[in-house]
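Notes for the one structure printed next.
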């Protein structure tokens, strides 16, 4: 190792001053030493000026100290001992990392704009999911159905009946198998032919994928009498006479 002329102005220099003196005696600028070692010039300056608060991890920086001293051909053990004494004087131990800077968490990388975009995306997913669920419910739930006329067991005096009622305006409605148009307010009305005798009015309403709601009404139309029977019933009733005899 070549001879190095050392300043004698202060025999008890601190670690930082010793490191700076070694660098200057070797004829390196901080930038040149940074290029040679790969250690940032700001880190070298922080070590020389003993600004430990500017170091990400002062305990870990021992490796930087060792590399710098080795590159400058100084005594590694000597400088490491002085650096550790500096750490100890500042209350920093080499067996744990000093918390001179706030610990960086994953949340620190989430800027406000990204949070807004993420919140908007989540809200959009919730809205789409809610709409899909609502549509599925609309297609599979049973519709409301009421039949206002005719009444159950109604007797008719003519061969037709007006069927009226209400259901959902989006429901499919059939009466005795015939499709019926439902008004915007959900009302419906249709004239249905009725044959003589007992008839069943079958009213069904269903959504696209739902089971049908069924309401039945039973009505009765009197059968017309034959002409000869009608004529006989329209005349005066006959008076019957009887004779009596003695039975011996």
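The values are calculated or read from the model by the stated rules, or taken from the named source; none is laboratory data. Every value quoted in this text rests on a predicted model; they were computed, and no experiment measured them. Cβ sites come from the backbone with ideal geometry, for glycine too, and all protein chains shown count toward neighbours.
For residue 197, are the conditions met, namely being modelled with pLDDT of 95 or more and out of contact with any helix residue (DSSP H, G or I) (no Cβ under 9 Å at 6 or more places or on another chain)? No, not satisfied. Taking the criterion of being in contact with a helix residue (DSSP H, G or I) (Cβ under 8 Å, 6 or more places away or on another chain) and buried (at least 16 other Cβ atoms within 10 Å of the Cβ), the residues of the stretch 206-221 that qualify are 207, 210.
Among the residues of the stretch 91-111, is any farther than 25 Å from residue 167 by Cα and modelled with pLDDT of 80 or more? Reasoning before the result, please.
Initial filter on the stretch 91-111 (farther than 25 Å from residue 167 by Cα): 91-111.
Cutting the leftovers down to modelled with pLDDT of 80 or more gives us 91-92.
Checked against the condition, which is being farther than 25 Å from residue 167 by Cα and modelled with pLDDT of 80 or more, the stretch 91-111 yields at least one hit.
Among the residues of the stretch 222-232, at least one is at pLDDT 80 or above and within 30 Å of residue 175 (Cβ to Cβ).
Which of the residues spanning the stretch 177-192 are touching a strand residue (DSSP E or B) at 6+ places or on another chain (Cβ under 6 Å) and part of a strand (DSSP E or B)? Selection gives 180, 187, 188, 189, 190, 191, 192.
Rundown of residues vs (1) at pLDDT below 95; (2) surrounded by 14 or more Cβ atoms within 10 Å (Cβ to Cβ); (3) within 14 Å of residue 218 (Cα to Cα), yes/no style:
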site	(1), (2), (3)
138	yes, yes, no
141	yes, no, no
158	yes, no, no
163	no, yes, yes
171	yes, yes, no
177	yes, no, no
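From the list 126, 115, the one residue that fits, being loosely packed, with under 13 Cβ neighbours inside 10 Å, at pLDDT 90 or above and under 40 Å from the mean Cα position of the chain (by Cα), is 126. The condition (being in the same structural domain as residue 209 (by TED's automatic domain parsing), part of a loop (DSSP other than H, G, I, E, B) and in contact (Cβ under 8 Å) with a residue 12 or more places away in the chain) is satisfied by just one residue among 174, 170: 170. Please work out which residue is surrounded by the fewest Cβ atoms within 10 Å (Cβ to Cβ), limiting yourself to the stretch 38-78 and to residues that are under 48 Å from the mean Cα position of the chain (by Cα) and part of a helix (DSSP H, G or I). Ranking the qualifying residues of the stretch 38-78, first place goes to 53.
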